[in-house]
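Everything on this sheet refers to the single structure shown next.
Throughout, read-outs are computed from the coordinates displayed, never taken from laboratory work. What you are looking at is a predicted structure, and each value in this text was computed from that prediction instead of being measured. Cβ placement follows ideal geometry from the backbone for every residue including glycine, while neighbour counts extend to all protein chains displayed.
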Amino acid sequence: MSTSSHSHRNKSPSPPLQRGRACISCRRRKMRCDGIRPTCTQCLRGGRAIDCEYTDGTQRPRTLVLEEDIARLQARIRELEDPQTSTPSVTLQNPYGQPPQPTMAHQPSSVDLAHRGVDDDIDSLSDLQYLIDSLVPNAFDLGIFLSLPRLRAQPGSIAPALRSALILSSFHFSQPSAPEQAVSIEALISRLLHTLADAVVAANPRLGPQFYMQILQAEVLLVYHLLHMGRVSIAQSHANAAMSLAICLGLHMRSGDAPAAGSFDFLANFLPRLPLPGDAIEEQERVDAWWTVHSLVKFAEPISVGPPVVSSTVNITAPWPGAMRDSNIGQSGARRDTVSHFLLAQDFRIEGETPFGLQARVSALLGEAHSITAAYSRDPPISQSADFRNRFTTLDNLIQNFFNSLPHPATLSRSPGTGGTYTSRQMLLIVNLAALAQITLHRPFALAHAPSNRRCVDGAIRAVQALNGLEDPKIMNPICVVSWGVFFSTLQGELRRLRSQSQLGYGSASAAQGANEVSDAGIVNALRSLVSFSGSWSGQYPLQMTIRAKLQAAASSV
């Protein structure tokens, strides 16, 4: 029998397989697959029989089944080790109790959807529409840039990777039992990583522009989820991957600079550059997609070690989100870099700016601050050059003007808004990023330069004061949570400095402070306010719990 099977494989090559019928191993290696089951010829010859799997809906991949089993066993172990803090995954029925009452039909939860395949029938599509509706109020905090009404209208067109990512994001609004949640989340992450890898390997212009926009959206949703789970370094790597994909697709360019519609071909590592958008909604999606990814990367840069991710050679001509006019055309008619043009301005007005437009601009400030400090860390003597000082002063003035134009978050509405209507949660994120930009710019010089030290302290205090009067939201933006750890360490370091000076002979900490320094009492009040606010968080995500524990532990020394 083996001889006949071998002779069958050596016959003339079979006609090309229908798209999507090749095994996973051949797709990842970009090899022609003959689709023979259970093991194709390429995998058999290469000694990879165990890796030959098919994802055409006939059966679940072995790797996914194994990963789900491992996650289920790990959750069961945690349940047995600490039964007091976890809900049993097996519920015993009391034979002497009241018989269970019939329950009313309920909407599917994220856990229900997590256990379903991505190729289910129309019933799952209606469930997906309900899930999309639940994400609408928190789209800003989840990094959603695609039009949710358009996705809801055509749920069948949603790529498998984006389906998994949407379900993953919905976990932030559900409260299942601990073992069940652990199994579902790990299984979803595994599925999402597989589908993202398959989507990039199977890059094909015939899939259409929206397919790649959905892949980018799935990558961004994964980054936000990883941040919520406290996996900051992994989230950073996926943010960089999203940036690479965005640049390859040409999202950093204004739509008019993109190739014609018939030029949807392979460029830059076999990824297609998008053609002109089909309508105004697609154009807005692309602008919002670029600045969403840009904001994520610029936020991650200061908390990592290394040069900026986006090279200065990348000419960004994409307009700001919500921009009403084209302000990036120079006198010669040439297209100017959007970010560079903004950074050279000395005056800024908030009038007419959308919330996301402000987020994009403040991410540019944060990116420039990191670029300046990275140049200083590579070559400290550069700080004595006139060009460096001019660049430093220009950015410092722009950050101050930007800061002074922002309203207090508590004075704004608490319901999601559109256009120029700001909400307290959106403004809180913008204030935090502005404070982080100010601290990033001045922190390397704070020990030896009193004005820089004051800038760091002022930025941290202003960010903490923005929390006054705010209610605990159902979901906390992970960028804000990470930033609060930076603000706390800044204020704690200044308090230690003041108290160490008082011990060296300056008397009390209040007497040790300079004329322009924040008082000891002011710093203590800010620290206590931040710790108190963290104690009111209702979310139980690992990132929030870690930051909260660190704040409460350090508060004992205040």
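Once fully extended, how much extra length lies between Ser489 and Leu17, figured as 0.36 nm per residue of separation less the alpha-carbon to alpha-carbon distance? Don't skip to the answer; put the middle values down first.
Values: separation 472, 0.36 × 472 = 169.92 nm, distance 5.84 nm.
Result: 164.1 nm gained on full extension.
Between Ser500 and Glu351, the simple spin-label model (points 7 angstrom out along Cα→Cβ) gives 4.8 nm.
When peptides 143-152, 26-35, 484-493 are sorted by average Cβ neighbour count within 10 Å, with the highest value leading, the order is 484-493, 143-152, 26-35.
Per-residue 3J(HN,Hα) values for the range 476-489, derived from phi via the Karplus relation 6.51 cos²θ - 1.76 cosθ + 1.60 with θ = phi - 60°, read 9, 4, x, 5, 5, 4, 5, 4, 5, x, 5, 5, 5, 5 Hz in sequence order (x marks Gly and Pro). Listed values for the range 27-43 are Karplus-derived 3J(HN,Hα) couplings in whole Hz (6.51 cos²θ - 1.76 cosθ + 1.60, θ = phi - 60°), namely 5, 5, 8, 6, 10, 5, 10, 8, x, 5, 10, x, 9, 6, 5, 4, 5, and x replaces Gly and Pro.
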